[in-house]
1. Could you grab me the full set of residues in the range 57-81 that are within 19 Å of Glu106 (Cβ to Cβ), at pLDDT below 85 and assigned to a loop (DSSP other than H, G, I, E, B)?
2. Look at the range 62-101 and say how many of its residues are more than 21 Å from Ala186 (Cα to Cα), exposed (fewer than 15 other Cβ atoms within 10 Å of the Cβ) and among the aliphatic types (A, V, I, L, M).
3. Do the conditions hold for Asp48, that is, is it modelled with pLDDT under 85 and either under 19 Å from Thr97 (Cα atoms) or acidic (Asp, Glu) (or both)?
4. I need the full set of residues from the range 103-152 which are among the charged types (D, E, K, R), at pLDDT 60 or above and open to solvent by less than 40 Å² (accessible area, probe 1.4 Å), in order please.
5. Going by what's in this entry, would Lys329 be described as farther than 23 Å from Asp244 by Cβ, modelled with pLDDT under 95 and either open to solvent by less than 20 Å² (accessible area, probe 1.4 Å) or among the charged types (D, E, K, R) (or both)?
6. Return yes or no: is Glu337 part of a helix (DSSP H, G or I), open to solvent by 20 Å² or more (accessible area, probe 1.4 Å) and over 21 Å from Phe242 (Cβ atoms)?
7. Quick one: in the range 24-39, which of the residues that are open to solvent by less than 50 Å² (accessible area, probe 1.4 Å) and at pLDDT 85 or above is farthest from the chain's Cα centre (by Cα)?
Amino acid sequence: MAEIKPIRTEADYERTLSRIDELMGSKYGSPDGDELDVLVTLVESWEDEHFPMGYPEPPEAIRFRMEQAGMHPRDLIPIIGSRSRVSEVLSGKRAITMPMARALHEHLGIPADVLLRNPGTESFESPADIDPLRYPVRKMAKLGWIKEGAESGYSAGEQIAEMIHMAGIDITPSTYRIRGSQRVNAKTDSYALQAWCWRVMALANAKATHRAYVPGTVTLELLREVAHLSNLEYGPRLARDFLDDHGIVLEVVPHLPRTYLDGAVLQSGDGRPVIGLTLRYDRIDSFWFGLLHELAHVGLHLDQGRGVFYADDFTLRESGRGKAETYEKEADMWTEEALIPGETWKASTARTSPSALSVVSLASELRIHPAIVAGRVRYERRNPRLLSQFTGNGAVRRQFAGVAWKGEERRR
């Protein structure tokens with residue numbers, strides 16, 4: 001295990017995230033796995049102190065605690081009353097009374113100040129109604145999304161309201177409520193996730209539309225076309241242009257603390273799919289898997305009317321600790337098939353006896369970047385050190401030079 005030091009500065013924080021990236025997928029209980037667990041705990045402690053999370057809505061807090069405890073709605077009947085009352089509380093249709101809050105606090109351990117907030121009271125109908133304390137405004141300012149204090153002449157709440165206006169979407173807190181079909185970390189701060197979504201949509205809306213999107217455009221064959229771009233020097237940028245020609249917007253926006261986010265799919269008011277990627281882990285294999293996974297959501301789910309928002313934390317997939325719901329499994333299958341067809345993978349020596357030569361050979365045969373083959377090997381073998389020379393650390397962000405990664409806004 002490498003020497004572990006406390007996180008004292010934002011530079012320490014960034015270095016720790018990079019080390020977590022290197023260790024991701026380590027076998028549980030191994031020296032690398034133990035180091036990974038310690039570093040994740042350090043990062044969470046740093047984020048708790050510097051980026052406090054806003055309160056969730058009471059029904060969300062109850063459902064989250066139920067999921068942790070393996071409880072079902074019927075288990076709440078002895079705590080808060082009849083089946084109909086439980087249903088109304090969980091749906092947000094019934095306010096939580098003091099006796100209910102006392103009982104829920106006693107039996108589920110949910111803080112009373114969370115429970116006694118009335119769901120639906122924060123409609124954000126005017127800038128004055130926006131509580132900037134719920135959003136990571138310091139980080140948003142460092143990234144150039146808003147300006148701090150007197151520098152702007154407007155309050156953080158007013159600037160967030162402007163972001164919402166530019167995003168052109170519904171602005172209630174439940175707009176992007178985390179749904180069970182997504183691969184989302186249970187600790188996600190829904191307010192930080194909202195702010196990230198607003199930024200993605202604002203940038204997407206600012207772009208001139210070159211071509212209208214036609215539902216049904218995204219097929220397995222289109223995913224394969226995109227995968228072939230990985231073999232080109234500026235593949236990520238070319239992929240953005242390719243998607244733009246098909247009416248699909250790709251925006252790269254850094255993640256916010258406590259979002260645990262790698263990518264998401266949203267939909268604009270005119271029906272265009274909007275893919276947002278964070279490049280949280282700056283690796284070639286991560287970029288292409290993430291991009292194709294979100295594209296798969298467009299073809300399999302968005303085009304079929306199965307929701308307008310999907311968010312993904314791929315570390316849950318890599319670690320094997322997250323429960324993948326049906327939609328995520330479907331997107332994974334399309335992505336893997338587009339990158340490396342199943343029959344080809346089964347017969348490949350890169351799978352059975354991975355070596356530099358076998359990786360390059362298979363990548364050449366499929367016309368994809370060797371990092372994609374190496375990433376598949378590393379994922380299946382749960383060995384983050386294997387074939388590390390192919391992963392392309394630090395090779396993707398630099399292709400999106402207009403993005404402010406370190407808190408210094410650049411010209412887009």
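The values are calculated or read from the model by the stated rules, or taken from the named source; none is laboratory data. What you see is a predicted model; the values in this text were computed from it and never measured. So basically every Cβ, Gly included, is an ideal-geometry build from the backbone, and we count neighbours across all protein chains shown. Accessible surface areas use protein heavy atoms only, side chains included; no ligands, DNA or RNA. Shrake-Rupley method; radii C 1.70, N 1.55, O 1.52, S 1.80 Å.
1. Gly70, Gly81
2. Number satisfying all stated conditions: 2.
3. Values: modelled with pLDDT under 85: yes; either under 19 Å from Thr97 (Cα atoms) or acidic (Asp, Glu) (or both): yes.
In short, yes.
4. Of everything in the range 103-152, those that are among the charged types (D, E, K, R), at pLDDT 60 or above and open to solvent by less than 40 Å² (accessible area, probe 1.4 Å) turn out to be Arg134, Lys139.
5. Values: farther than 23 Å from Asp244 by Cβ: yes; modelled with pLDDT under 95: yes; either open to solvent by less than 20 Å² (accessible area, probe 1.4 Å) or among the charged types (D, E, K, R) (or both): yes.
So Lys329 fits the description; yes.
6. Working: part of a helix (DSSP H, G or I): yes; open to solvent by 20 Å² or more (accessible area, probe 1.4 Å): yes; over 21 Å from Phe242 (Cβ atoms): no.
The answer is no for Glu337.
7. Glu35
Results for (1) over 23 Å from Ala202 (Cβ atoms); (2) part of a helix (DSSP H, G or I); (3) of a type outside the set (A, V, I, L, M, F, W, C); (4) touching a Gly at 6+ places or on another chain (Cβ under 7 Å), shown as yes or no for each residue.
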{"position": "Leu279", "(1), (2), (3), (4)": "no, no, no, no"}
{"position": "Leu292", "(1), (2), (3), (4)": "yes, yes, no, no"}
{"position": "Val298", "(1), (2), (3), (4)": "no, yes, no, no"}
{"position": "Ala311", "(1), (2), (3), (4)": "no, no, no, no"}
{"position": "Arg317", "(1), (2), (3), (4)": "yes, yes, yes, no"}
